[in-house]
Structures are given as structure tokens and as C-alpha cells.
Amino acid sequence: MTILSLKNFYCHAINNFSLQLNIGQCVGLTGPSGVGKSQLLRAIADLIPHTGELLLKGQSYSDYTPSQWRQQVGLLPATSAWWYATVAEHFTNSDDTLAFSQLEALGLDRKILDQPVHLLSSGEQQRLALLRLLQNRPLVLLLDEPTAHLDAKSQQQMQTFLLDYLQQYSTACLWVSHDQTQLQQVADKVIQL
């Protein structure tokens, strides 16, 4: 079943782009720096101007409020913003046992929730930003270099976690990466921009 559909989609550097993303599917996006991969994800998340058809489960993005759309179509940027001093303040229910199991699956200790954000490594911030995004249970994940700040072991944990998540929650993802080997491991198909 198609969950996200783009037809004749235009944004910034991307022209006439079409895509169908099905439940459980991971599509990789790659291409040279500056070609517009990140801009495409931002446009799909309705953060920058775009034209063309953009549908979620057959319903136009214009039928949603911006906040409703972004809860269903979640963007994980290459570098995430943080608003509060500690990690736990960014989570609606940091005592949730599912969140603890997710922390563990990503190689993080639950004590990290009490840490000040400014003391975290970029890799810790990236994994926590993913968990923060998943609180909304989005139907589509837009992942912009999600493992760029991670060592090899943490990259593997993140890949496994994300692929399991897609199947468990019947979601789909668009995964941007320059790492061709990684995309071969995680993506059902790869699109070169």
C-alpha cells in the first residue's frame, strides 16, 4: 500500500520529481553535495516552498495543518535543534518503558535523560533526536544522514533499529546518505539525484 506519493514535485533544485513510497519500504536518496537531497526532504516535510502533488495515504498535504502534517511526516535533519537544558525535557513521557528499551537498542543508557544537552556528543544528540521524533509515531520518516555522526557500532545499531521500526509500526522512510554501502544494506531501492 502506498503511504507517500509525490508527482511532478518541484522545490528549490529538484524538478519534476515523482515517487511512491510503500508501507515498510525504505528508499535511499544519494547524489553529490548540493544537488538538493536535504532540500527535497525539507519540502516533503512542508518546511520550504514546493509545488506538485504530495499525498499521504491518498490525502493531499493541504488537507492537513502544518503541525498535523509534520507529526505524520517526520524529518530528522542532519543536525537537530534542542530547546531545553536537559534531554528529558524534550520527551513527553521520559518514564515510558518503551523509551527505555529504545534507548538501549540505540546503545544509550537511561541516565542520559538527566544530562544537559550541551554535554552530549553529536552522535548522542542524533540518536536522541530520532527518539524524540518517534514520539509522534510518524507514518513516514525523512532521514537526512541519520548516522553521519556515529561510529561503526552505533551506525549498525541505528540501522537495525530503524529497519525494525519500519516493520513494527508499518511506516516507511526516505533515507539520504552519501554512503552507498549503507544504502545497499538499508534501502529497498536507491535513487540517484
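Observations, loosely collected:
- Residue match in the range 88-99 (condition: among the small types (Gly, Ala, Ser), surrounded by fewer than 13 Cβ atoms within 10 Å (Cβ to Cβ) and in a loop (DSSP other than H, G, I, E, B)): no
- In this structure, Gln180 does satisfy being surrounded by fewer than 16 Cβ atoms within 10 Å (Cβ to Cβ) and either without any contact (Cβ under 8 Å) to a residue 24 or more places away in the chain or under 17 Å from Gly28 (Cβ atoms) (or both).
- With respect to the conditions (1) in contact with a helix residue (DSSP H, G or I) (Cβ under 7 Å, 6 or more places away or on another chain); (2) among the aliphatic types (A, V, I, L, M); (3) without any contact (Cβ under 8 Å) to a residue 60 or more places away in the chain, Leu76 lacks only one, and its number is (3).
- Residue-level check: of (1) crowded, with 18+ Cβ neighbours inside 10 Å; (2) modelled with pLDDT under 95; (3) in contact with a helix residue (DSSP H, G or I) (Cβ under 7 Å, 6 or more places away or on another chain), Lys37 misses just (3).
- Of residues in the range 46-82 being closer than 26 Å to Ser121 by Cα and touching a strand residue (DSSP E or B) at 6+ places or on another chain (Cβ under 8 Å), the one surrounded by the fewest Cβ atoms within 10 Å (Cβ to Cβ): Ala78
- Qualifying residue in the range 158-175 (condition: closer than 18 Å to Thr79 by Cβ and touching a His at 6+ places or on another chain (Cβ under 8 Å)): no
- Applying a threshold of 7 Å to beta carbon distances and a minimum spacing of six or more residues, or different chains, the list of pairs starting in the range 83-94 at a residue that is farther than 14 Å from Gln135 by Cβ and aliphatic (A, V, I, L, M) and ending at one that is surrounded by 12 or more Cβ atoms within 10 Å (Cβ to Cβ) and modelled with pLDDT of 80 or more reads Ala85/Val117.
- Residues of the range 156-166 include none that is modelled with pLDDT under 90, more than 10 Å from the chain's Cα centre (by Cα) and closer than 22 Å to Ala45 by Cα.
- Residue in the range 120-134 that is polar (S, T, N, Q), at pLDDT 90 or above and closer than 30 Å to Lys57 by Cα present: yes
- In the range 106-130, the residues that are more than 18 Å from the chain's Cα centre (by Cα), on the phi < 0 side of the Ramachandran plot and part of a loop (DSSP other than H, G, I, E, B): Leu108, Asp109, Gln115, Leu120, Ser121
The values are calculated or read from the model by the stated rules, or taken from the named source; none is laboratory data. This is a predicted model, so every value here is computed, not measured. Note: ideal-geometry Cβ built from the backbone for every residue, glycine included; neighbour counts use all protein chains shown.
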